[in-house]
């Protein structure tokens, strides 16, 4: 029974009269559309990998710069993160995500016109633009705003799953486009086996924008601290480096290793294994797709945050043992490499799902700078 007098300032009395918070979940259709944007964003990141080397050569570049088409996209994402605080504070998340679709559309159109321009710089600028629209901050912000604290780890696993599916679907679609364009002799400067991913992902950007406008429900922004809850102290409004620094190496190392692995695997399959672009795309995409569904396992319910980070980062390291150059025939080596790759990707997937948890469980005033620091890394 509540016995607090009117106007009482006793903390126990104030806690007693607070209503019980119900679990907050996002609408299913809204969540699916947001996750679809994540799949398409990451899919575009990897779709160009099977043909990156040939596209670079077609515009006068060297094979050694092909990895830049992947790396410079992530660089664009990282450079954008320090500037996200203002728009996230002053604009609706739905409006921002629609703007991202616009960035993607422009970037992919420019990428598709790279062969026509004959300029490597055009392709690089296009990849930077698509990178500016990427990153996990938008997805994690949606989860943070649309779920209660108890459910955030669970829904962050869906985010990790969408990223994993994107990594796998991208090479599949890229390889399929290459095969279709080759069979139809599409060798024009505007539409060919190198530029076709740009045109397709530009269409995807429009489709996702329409779906977001139709189905996405704007998540509520956390209310400012009131008299009942008390205002945060100055120490709570900055970046909690004591929580961020221990996980920052893993935050940095996971995407660094996964991105490098994607490019290395494509080059290994094409140069060492002697496989075609289509076979390489199927192999690369298949390994990602095999690993992605494990993201649905409720591991976060049983593994504590920091222990989980160390455990799954250790799995990534263990997987690299299979990457060594053993004296095997091509088929056997592809199998051994594939087993290690799946272990490596599963470790990376759960490490990504675990590492945002310290951020999502921090007070709201501290959460946004935490997300920006981790995403920039």
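The values are calculated or read from the model by the stated rules, or taken from the named source; none is laboratory data. This structure is a prediction, so every number in the text was calculated from the model and none was measured. Glycine also receives a Cβ, built like all others from the backbone with ideal geometry; neighbour counts cover every protein chain displayed.
Let's see how each residue does on (1) in a loop (DSSP other than H, G, I, E, B); (2) surrounded by 13 or more Cβ atoms within 10 Å (Cβ to Cβ); (3) in contact with a strand residue (DSSP E or B) (Cβ under 6 Å, 6 or more places away or on another chain); (4) modelled with pLDDT of 90 or more:
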residue	(1), (2), (3), (4)
200	no, yes, no, yes
205	no, yes, no, yes
218	yes, yes, no, yes
225	yes, yes, no, no
232	yes, yes, no, no
235	no, no, no, no
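Scanning segment 311-352 for residues that are more than 19 Å from residue 280 (Cα to Cα) and touching a residue at least 40 places away in the same chain (Cβ under 8 Å) yields 312, 313, 316, 346, 348, 349, 350, 351, 352. Which of the residues spanning segment 83-95 are crowded, with 17+ Cβ neighbours inside 10 Å and assigned to a helix (DSSP H, G or I)? 88, 93, 94, listed by residue number.
Take segment 66-82 and flag every residue that is assigned to a helix (DSSP H, G or I) and closer than 13 Å to residue 267 by Cβ. Write out each step before concluding.
First pass over segment 66-82, keeping only residues assigned to a helix (DSSP H, G or I): 68-82.
Correct list: 69, 70.
A count restricted to segment 101-141 and to residues that are assigned to a helix (DSSP H, G or I) and at pLDDT below 90 stands at 7.
Select, from 79, 11, the only residue that is exposed (fewer than 15 other Cβ atoms within 10 Å of the Cβ), modelled with pLDDT under 90, over 23 Å from residue 145 (Cα atoms) and within 23 Å of the chain's Cα centre (by Cα). Spell out the reasoning first.
Details: 11 fails: within 23 Å of the chain's Cα centre (by Cα).
Criteria check complete, one pass: 79.
Report whether or not residue 56 is modelled with pLDDT of 90 or more, more than 18 Å from the chain's Cα centre (by Cα), in a helix (DSSP H, G or I) and crowded, with 18+ Cβ neighbours inside 10 Å. Considered against the rule, which asks whether it is modelled with pLDDT of 90 or more, more than 18 Å from the chain's Cα centre (by Cα), in a helix (DSSP H, G or I) and crowded, with 18+ Cβ neighbours inside 10 Å, residue 56 comes out as yes.
For residue 191, the stated conditions hold: it is more than 21 Å from the chain's Cα centre (by Cα) and more than 19 Å from residue 134 (Cα to Cα). For segment 303-328, taking the residues that are at pLDDT 85 or above and part of a loop (DSSP other than H, G, I, E, B), the one that is surrounded by the fewest Cβ atoms within 10 Å (Cβ to Cβ) is identified as 327.
Would you say residue 98 is within 23 Å of residue 166 (Cβ to Cβ), in contact with a helix residue (DSSP H, G or I) (Cβ under 9 Å, 6 or more places away or on another chain) and exposed (fewer than 15 other Cβ atoms within 10 Å of the Cβ)?
So residue 98 does not fit the description; no.
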